Amino acid sequence: MYLHIGNGVSVRTGEVIALWDYRLFRPAAAASNLDFLAAAGAKGQVISCTEGQEEPKTLVVTEKGLYLSPVSAPTLRRRQQMVFEKR
């Protein structure tokens, strides 16, 4: 099954490790969070699904990389729960 995370991008639900509110990674956030995001960006592991039009709301952590999603973390969690309830 797949989880739609915004702007036509979907990831396999089995690959999702975490859904974090992006506010934890903004400039006023803890240095360790900013370092984590900067290191992933330097490795080319950060993929933006916002198309530059929207502010990211969620950082979706998967086995293959990090996605910046314009969809809120609670909405993505509900979508993920609906996928598992259908099984």
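I'm checking my understanding of the structure. Among residues of the stretch 1-27 that are outside any strand (DSSP E or B) and polar (S, T, N, Q), which one is farthest from L68 (Cα to Cα)? Spell out the reasoning first.
From the stretch 1-27, those outside any strand (DSSP E or B) are 1, 7-8, 13-15, 22-27; that's our starting set.
Still in the running and polar (S, T, N, Q): 7, 13.
On the way: N7: 11, T13: 16 Å.
The selected residue is T13.
How many residues are in contact (Cβ under 8 Å) with a residue 40 or more places away in the chain and under 20 Å from E54 (Cα atoms) if we restrict to the stretch 9-42?
Qualifying residue count for the region: 6.
If I filter the stretch 23-36 for residues that are closer than 22 Å to G8 by Cα and hydroxyl-bearing (S, T, Y), do I get at least one hit? Give the derivation first.
Taking the stretch 23-36 as the starting set, the residues that turn out to be closer than 22 Å to G8 by Cα are none.
The answer is no; no qualifying residue exists.
Restricting to the stretch 28-72, name every residue that is crowded, with 19+ Cβ neighbours inside 10 Å and in a helix (DSSP H, G or I).
Across the stretch 28-72, the qualifying residue is only L37.
Can you work out which of the residues in the stretch 43-58 that are without any contact (Cβ under 8 Å) to a residue 40 or more places away in the chain and touching a helix residue (DSSP H, G or I) at 6+ places or on another chain (Cβ under 6 Å) is farthest from R79 (Cα to Cα)?
The selected residue is V46.
Read-outs: derived from the displayed coordinates by stated rules, not from any lab. Computed from a predicted model, the values in this text were never measured in an experiment. Don't worry about glycine lacking a Cβ; one is built from the backbone with ideal geometry, like all the others, and counts go over all protein chains shown.
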